[in-house]
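FYI, it's all coordinate maths here, none of it is from the lab. Note that the structure is a prediction, hence the values are computed from the model and not measured. Using ideal geometry, Cβ is built from the backbone for each residue, glycine included, and neighbour counts are taken over all protein chains shown.
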Amino acid sequence: MNLSRQIPLFTGTLLPVLQVMAYNYFNAGSKGFEPDIYIVAIATSVFCAFFISREINQRKKAELALTKSLDEIAEFKSLFESAPGLYLILLPDLKIEAVSEEYLQATMTKRHEIMGRHLFEVFPDNPDDPAADGVRNLHASLKRVLSTKAADAMAIQKYDIRKPDGAFEVRYWSPLNKPVLNAAGEVSYIIHSVVDVTQRLINEDKISKAAEEIKELYDKAPCGYLSVDSNIFLCNVNQTLLQWLGYAPDEVLGKMKYEDLLTPASKEAHLSSFNEVFARYLADGYINDLEYEFQRKDGTSFPALVNSIAVFDNNGNFIKSRSTVFNHTEQKKAQEQLKAANKELESFSYSVSHDLRAPLRAISGYSQILTEDFGNELGNEPRRLLGLISQNSKKMGQLIDDLLDFSRLGRKELHKVNVPMHQVVQNVYRELNLENNTGNPEFIIHPLPTVQADASSIRQVWINLISNALKYSQQKEHAVIEVGANDTPDEIIFYVKDNGDGFDMRYAHKLFGVFQRLHSDKEFSGTGVGLAIVQRVITRHGGRVWAKGAKSEGATFSFSLPKNVS
């Protein structure tokens, strides 16, 4: 007999009766009851009271245990909902039982709106995407989990999410579906976890497109690109260079060395200096302006100019080169044409010089004869005119000389040597001062460095600048000429400063042009070619020229030479 099921019987019917009988026991003498019956009644009443009390205690314990379990379940639920990651808990009928906060955020949904609803009712396919297959693929995976009772990892899925406004947003996910089995081995729940890989795929797509664009630019560049590995075998060649050479990629990559692309003569020259050049290449990390003759597959050749940078690993070991190859065919033709034109121009210049000098000598000579032989018979005006003829003939001769010098500078090859600038300036000033009797101005020379330059043309620069300073300051009572240099990270700046007549800065742009003068011959003599020569020389050295000044306050003429030249 299950006593617990009889508790209502005891408490509702028997207990009140027993209580009455016990009460009457204590009044038995006057009521006529048998004592034994009262004793049994009392014992039974006590037993029932004890049994009921124990049952109530057990119920209270059960209620406390249940309350504790519910609290623990609530705590675990809270932990699950706030756990990092995107999770859904599904029942076997695919209704949503629980969801993490991050999943709600990622899918733009709210807990109270999706709990208890069917998964695909909440997350349908994008109706605007005819190729959408997210529902089909996910449903198939969940069916496999229910049938196999094993986890199922899905490939990355395009599964668009419906936004609160009803529109769909493109999303990509990496899903994993895992069963939770009960004691009987049946599926109680399915844990559906996902990783939002949308941004990763977008970034990968951008990188892929950028890589394709770079590859296209690399292959279709107007110059050749090649790389050699640490054994000097070709490991990369762009389509431009392959087309120039007439090879297919599989004919050269990993099979040919760099020197195999050269003509026999160019290959011999390359190998003879390889160790020295390669050592410098590794030390500097780059090398520029190497000239080679590349040989095509059909045996023909073309001249090329090669620049290269070295690529090293973290330990400083050479991995490969990155080299550019410029087809120099047209440039070589242009150089030959220019060389021929220069020779023709030089011949023409000397011819013109000779042809112009002859009549000038005649004009100057005849005017001098007239002045010497018939000067006394001529009046003042004829003698003045003859003087002007002689003076302008000399000026014309000087102009021809300056033009020839200017022309030769453009054709002359630069031979760079160490030039001690301080010594050059001292010598130039001493010679100019003696030749022109400039009145001994105060001449200040600050320390000047030694530079790599063409000695004769740089000397001409100093001659032109210092002679200008002497000329334009000669009318000063106390003329001061200062020469110095300033060092900068990229270049050395030299200057010649005077306190002479100066110039108007509004016309500074005319100073270095041929025949451009800011003073008349009456003020200061000159042909207007000297500063143009200065600019041509310095430009050919890779430098620049400029001037600052003010009318009647002097001028400063500066030029720079880059450090890689100095």
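Near the amide H of Leu86, within less than 5 Å, lie the amide hydrogens of Val194, all on another chain or at least 5 residues away, with H placed in the peptide plane. The H on the amide N of Lys551, modeled in the peptide plane, is under 5 Å from the matching H of Phe503, Met505, each at least 5 residues off or on a different chain. For Asn236, the amide hydrogen comes within under 5 Å of the amide hydrogens of Ser227, counting only partners 5 or more places away or on other chains and with H modelled in the peptide plane.
Computed from backbone phi with θ = phi - 60° and the Karplus coefficients 6.51, -1.76 and 1.60, the 3J(HN,Hα) list for the range 468-476 is 4, 4, 5, 5, 7, 10, 5, 8, 6 Hz; x is used for glycine and proline. Considering only alpha-carbon pairs that sit under 8 angstrom and 6 or more positions apart, the relative contact order computed for the range 215-344 is 24 percent.
What's the FRET efficiency of Tyr286 with Lys255 using the Cβ-Cβ distance as r and R₀ = 30 Å, to the nearest 0.05?
Details: r = 27 Å, r/R0 = 0.89.
My answer for the efficiency is 0.65.
State the extension gain, in nm to one decimal, for the chain segment bounded by Glu330 and Glu204, taking 0.36 nm per residue of separation less the distance between their alpha-carbons. Walk me through the intermediate numbers first.
Values: separation 126, 0.36 × 126 = 45.36 nm, distance 4.21 nm.
The span from Glu330 to Glu204 would gain 41.2 nm if fully extended.
For the range 147-155, the Karplus equation 6.51 cos²θ - 1.76 cosθ + 1.60, evaluated at θ = phi - 60°, returns couplings of 7, 8, 6, 10, 5, 9, 8, 9, 5 Hz by residue, with Gly and Pro reported as x. Here the range 413-471 and the range 220-264 have alpha carbon centers that stand 51 Å from each other.
Would you mind checking the pairs Lys343/Lys471; Lys149/Lys206; Lys267/Lys332 and listing those with alpha carbons more than 31 angstrom apart? Could the numbers behind the result be given before it?
Details: Lys343/Lys471 36 Å; Lys149/Lys206 39 Å; Lys267/Lys332 20 Å.
Violating the 31 Å Cα-Cα cut-off are Lys343/Lys471; Lys149/Lys206.
Compute the length gained on full extension between Ser273 and Asp93: take 0.36 nm times their separation in residues and subtract their Cα-Cα distance, giving the result in nm to one decimal. Write out the running numbers ahead of the final one.
On the way: separation 180, 0.36 × 180 = 64.80 nm, distance 7.97 nm.
Contour length minus Cα-Cα distance gives 56.8 nm.
Extending 7 Å from Cα along the Cβ direction at Glu372 and again at Ala151 yields two label points whose distance is 11.7 nm.
Across the range 428-433, rounded Karplus estimates of 3J(HN,Hα) from the backbone phi angles (6.51 cos²θ - 1.76 cosθ + 1.60, θ = phi - 60°) give 4, 5, 4, 5, 5, 5 Hz, Gly and Pro being marked x. What FRET efficiency comes out for the pair Leu414/Asp165, r = Cβ-Cβ distance, R0 = 51 Å, nearest 0.05? Given R0 = 51 Å and the Cβ-Cβ separation, E is 0.10.
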